[in-house]
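Reading through the structure tokens given below for one structure.
The values are calculated or read from the model by the stated rules, or taken from the named source; none is laboratory data. This one's a predicted model, so the numbers in the text were calculated from it and none came from an experiment. Glycine gets a Cβ as well: all are built from the backbone with ideal geometry, and neighbour counts include every protein chain shown. Accessible surface is based on the protein model in full, side chains and every heavy atom, while ligands, DNA and RNA are left aside. Shrake-Rupley method; radii C 1.70, N 1.55, O 1.52, S 1.80 Å.
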Amino acid sequence: MTRPLHHASFRRRTGALLYDAIAVLTVLYFAGFVPVLVAGEAIPPGNPLLGVYMSVVAFMYFALCWRRGRTLGMQAWGIQIQTTSGARPTLWTCALRYLAAWVSFACLGLGYLSALLNRERLTWHDRLSGTRLLRAGASGS
């Protein structure tokens, strides 16, 4: 028997975000060795290609996880991601969500805080990408 899905609380979303920050930083740490091994020497600070590479690696972490329905942090906090139609996000939806999440963060976190102001607990990037974070069980937490 499946339990009903409810909108994930701000507390759960924040917990999952913190877990995912640790996970993606770990992925980026190890991914940072690849360009050094390929180049055979240290990469100079401020190299724009390194920044692009790390951004792509971070996007791939989130896109691969979201396409499967949850990131490591979302799994730990009992959250899953769906589109408004109830499907798993497409790669395009993941890209839109990822870019919009950076905008939400860059605006002093207002895009994230907007989840506190609406009944469905949607952030700016949820609205722009047509996704929802849901959890199984009773509503409220």
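Apolar share of the accessible surface for the chain: 70 percent from carbon plus sulfur atoms, 1.4 Å probe. A protection proxy built from the mean count of other Cβ atoms within 10 Å ranks the segments 30-37, 93-100, most packed first, as 93-100, 30-37. Taking all Cα-Cα distances within the chain, those exceeding 18 Å account for 58%. Measuring between their Cα centroids, the range 65-141 and the range 43-62 lie 23 Å from each other. Rolling a 1.4 angstrom probe over the protein heavy atoms with all chains in place gives the range 1-89 an accessible area of 64 Å² per residue.
To the nearest 10 degrees, how steep is helix 91-106 against the longest Cα principal axis of the chain, on a 0 to 90 scale? Taking Cα atoms only, the helix is inclined about 90 degrees. One chain, two ends: Arg119 and Gln75. Fully extended at 0.36 nm per residue, the span grows by 13.6 nm beyond their Cα-Cα distance.
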